[in-house]
Amino acid sequence: MSLSTDSAAPGGDVFRVVGGARLVGEVRVPAAKNSVLKLMAAALLAPGRTTLTGAPDIDDLDVMASLLTSLGCEVTRDRDAATVAIDVPEEIGHRADYDLVRRIRASTAVLGPLVARTGSADLALPGGDAIGSRGIDMHIDALTALGAQCSSDHGYLHAHAPEGLRGARIAFDFPSVGATENAVLAAVLARGVTTVTNAAREPEIADLCQMLVSMGAQIDGIGSATLTIRGVERLSPTVHATVPDRIVAGTWAVAALMTRGDITIRNADATHLSLVLTKLSSAGADITVLEDGFRVVGRGQPTAVEVVTLPYPGFPTDLQPMMIALNSVSDGAAMVTENIYESRFRFVNELTRLGADIRTDGHHAFVRGQTRLSAAPVEATDIRAGAGLVLAGLVADGVTHVYGAHHIDRGYAGFAEILQSLGADVTRVSEVAP
């Protein structure tokens, strides 16, 4: 099945970025966007109040809260305490409507819990970033293996298991994060044993499994490519501390090297970014691993590095735009290969407006570095492209306006304010004429 996309809308706020700043200081990484949204969906599995701590103050969390509310839950956010509490009733709805689902891809995570809890789910085909087709065929295959009957019409996926789900062997051709999540979320309440092979191994998957275990699920092999789930009759609500956001941490790490700065990144797990930090070290960064994070220092023009995106523990696709931006101001030339999302190079056209020398061929981008870029108006097409363009603006001569600020808001809380705290001249303004 194909996926609708949500491209950058006209209007809205713009990031005004003045080039030339050297970023220096300390940042604290929030909980992972790519985890907390799925944990919120997992709360549907247990009647009662589940509380997630360290919740990031991002727009996508509001959308997921609205989706859960539409299913009968009561969601309470305490922004000061960085918590979100989900009160789940004994009886929940099973229809996830288009007006909410289209806004974030993570909405697909309600599919498994709804079928497991209610025996039925009607899910609008999801939206999210304009970075390429991300079909849900593997999600459907997993649910079908567990005994659900799936069909689609009028833009909705219908999944029904009136007799309940049953354990099964699920083997993925590709270690899809979303499909692995839905398989686990459905299997924890299925009768019998489910084995998932070639499962995604991202830290966010392990975080989800650990939360489910705290709710009473029985899951073996957490963190590996093979998960064994023994279904239980009922789960209980829990309190769970969400894993730190490795993509946000990686963004600040790249920013330090690009601007020849010095940033200490707190509440970050260096083991989740082993390959990324190795690449940055090869590019010239001095990296010191700390007890609660790491420090990145850039002392001169970076050296271009080759990057190939792959499922974890490979290089994360969400940091690919930042690495292209880094290579564009590095010494030498390097190839960046994108193996996850075929449209992730869309933002390259915007980066070349800043003077970057990039040639693309299929899923390869050849980047020839230079000393500095040149300011221009550009537009974000997704969360990570937007962040990458802002970083590029920091090393451009003049003032760069990055349109589509709402995209960046979906993944980075207080982006401009954090950059300001590090010494950057970055402000959020109303739309200006290109």
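The values are calculated or read from the model by the stated rules, or taken from the named source; none is laboratory data. Keep in mind that this is a model prediction, so the values were computed, not measured. Methodologically, a virtual Cβ is constructed for each residue, glycine included, from the backbone with ideal geometry; neighbour enumeration extends over all protein chains shown.
Do we have residue 342 as buried (at least 17 other Cβ atoms within 10 Å of the Cβ), touching a residue at least 60 places away in the same chain (Cβ under 8 Å) and either over 18 Å from residue 260 (Cβ atoms) or among the polar types (S, T, N, Q) (or both) here? Spell out how you get there, then give the answer.
On the way: buried (at least 17 other Cβ atoms within 10 Å of the Cβ): no; touching a residue at least 60 places away in the same chain (Cβ under 8 Å): yes; either over 18 Å from residue 260 (Cβ atoms) or among the polar types (S, T, N, Q) (or both): yes.
Against the criterion (buried (at least 17 other Cβ atoms within 10 Å of the Cβ), touching a residue at least 60 places away in the same chain (Cβ under 8 Å) and either over 18 Å from residue 260 (Cβ atoms) or among the polar types (S, T, N, Q) (or both)), residue 342 does not qualify.
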For the stretch 166-183: of the residues being free of Cβ contacts under 8 Å to residues at least 60 places away in the same chain and part of a loop (DSSP other than H, G, I, E, B), which is farthest from the chain's Cα centre (by Cα)?
168
Of all residues in the stretch 345-376 being under 27 Å from residue 311 (Cα atoms) and among the small types (Gly, Ala, Ser), which is surrounded by the most Cβ atoms within 10 Å (Cβ to Cβ)?
365
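One line per residue, one yes/no per condition, for (1) in the same structural domain as residue 256 (by TED's automatic domain parsing); (2) within 18 Å of residue 259 (Cα to Cα); (3) touching a strand residue (DSSP E or B) at 6+ places or on another chain (Cβ under 9 Å):
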{"site": "389", "(1), (2), (3)": "yes, yes, yes"}
{"site": "397", "(1), (2), (3)": "yes, yes, yes"}
{"site": "400", "(1), (2), (3)": "yes, yes, yes"}
{"site": "404", "(1), (2), (3)": "yes, no, yes"}
{"site": "409", "(1), (2), (3)": "yes, no, no"}
{"site": "413", "(1), (2), (3)": "yes, no, no"}
{"site": "418", "(1), (2), (3)": "yes, yes, yes"}
{"site": "421", "(1), (2), (3)": "yes, yes, yes"}
{"site": "424", "(1), (2), (3)": "yes, yes, yes"}
Checked 66, 70 against criteria (surrounded by fewer than 18 Cβ atoms within 10 Å (Cβ to Cβ), under 21 Å from the mean Cα position of the chain (by Cα) and modelled with pLDDT of 95 or more); the one match is 66
Give the residues of the stretch 275-326 that are polar (S, T, N, Q), under 22 Å from the mean Cα position of the chain (by Cα) and part of a helix (DSSP H, G or I), sorted by residue number.
278, 317, 320
For residues that are more than 17 Å from the chain's Cα centre (by Cα) and part of a helix (DSSP H, G or I), tally how many sit in the stretch 384-404.
6
Can you find even one residue in the stretch 351-363 that is touching a Lys or Arg at 6+ places or on another chain (Cβ under 7 Å), part of a strand (DSSP E or B), at pLDDT 95 or above and of a type in the set (A, V, I, L, M, F, W, C)?
no
Out of the stretch 45-65, which residues are closer than 21 Å to residue 267 by Cβ, in contact (Cβ under 8 Å) with a residue 40 or more places away in the chain and hydrophobic (A, V, I, L, M, F, W, C)?
52, 55, 58
Confirm whether residue 99 is more than 23 Å from residue 253 (Cα to Cα) and either modelled with pLDDT under 95 or touching a His at 6+ places or on another chain (Cβ under 6 Å) (or both).
yes
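Considering only residues of the stretch 409-425 that are in a helix (DSSP H, G or I) and small (Gly, Ala, Ser), which is surrounded by the fewest Cβ atoms within 10 Å (Cβ to Cβ)? Even if it seems obvious, please write down each step before you answer.
From the stretch 409-425, those in a helix (DSSP H, G or I) are 409, 415-421; that's our starting set.
Next, from what is left, pick out any that are small (Gly, Ala, Ser): 416, 421.
Working: 416: 20, 421: 14.
Within the stretch 409-425, the match that is surrounded by the fewest Cβ atoms within 10 Å (Cβ to Cβ) is 421.
May I ask you to say which residue of 242, 228 is modelled with pLDDT of 95 or more, among the hydroxyl-bearing types (Ser, Thr, Tyr), over 30 Å from residue 397 (Cβ atoms) and touching a helix residue (DSSP H, G or I) at 6+ places or on another chain (Cβ under 6 Å)?
After applying the criteria, what remains is 242.
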Only one of 240, 272 is out of contact with any strand residue (DSSP E or B) (no Cβ under 7 Å at 6 or more places or on another chain) and either outside the structural domain of residue 328 (by TED's automatic domain parsing) or within 30 Å of residue 194 (Cα to Cα) (or both). Can you tell me which?
272
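For the stretch 196-229, which positions are β-branched (Val, Ile, Thr), closer than 25 Å to residue 340 by Cβ and either surrounded by fewer than 21 Cβ atoms within 10 Å (Cβ to Cβ) or free of Cβ contacts under 8 Å to residues at least 24 places away in the same chain (or both)?
Step one: filter the stretch 196-229 for residues β-branched (Val, Ile, Thr), giving 196-197, 205, 213, 219, 222, 226, 228-229.
Going one step further and asking which of them are closer than 25 Å to residue 340 by Cβ, we end up with 196-197, 205, 222, 226.
197, 222, 226, listed by residue number.
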Quick one: residue 289 ticks every box in (1) in contact with a helix residue (DSSP H, G or I) (Cβ under 8 Å, 6 or more places away or on another chain); (2) surrounded by fewer than 20 Cβ atoms within 10 Å (Cβ to Cβ); (3) closer than 22 Å to residue 53 by Cβ bar one, so which box is it?
(3)
Please go through the stretch 139-154 and pick out each residue that is farther than 15 Å from residue 113 by Cα and in contact (Cβ under 8 Å) with a residue 60 or more places away in the chain.
152
Only one of these conditions is not met by residue 162: (1) at pLDDT below 95; (2) more than 18 Å from residue 116 (Cα to Cα); (3) part of a loop (DSSP other than H, G, I, E, B). Which number is it?
(2)
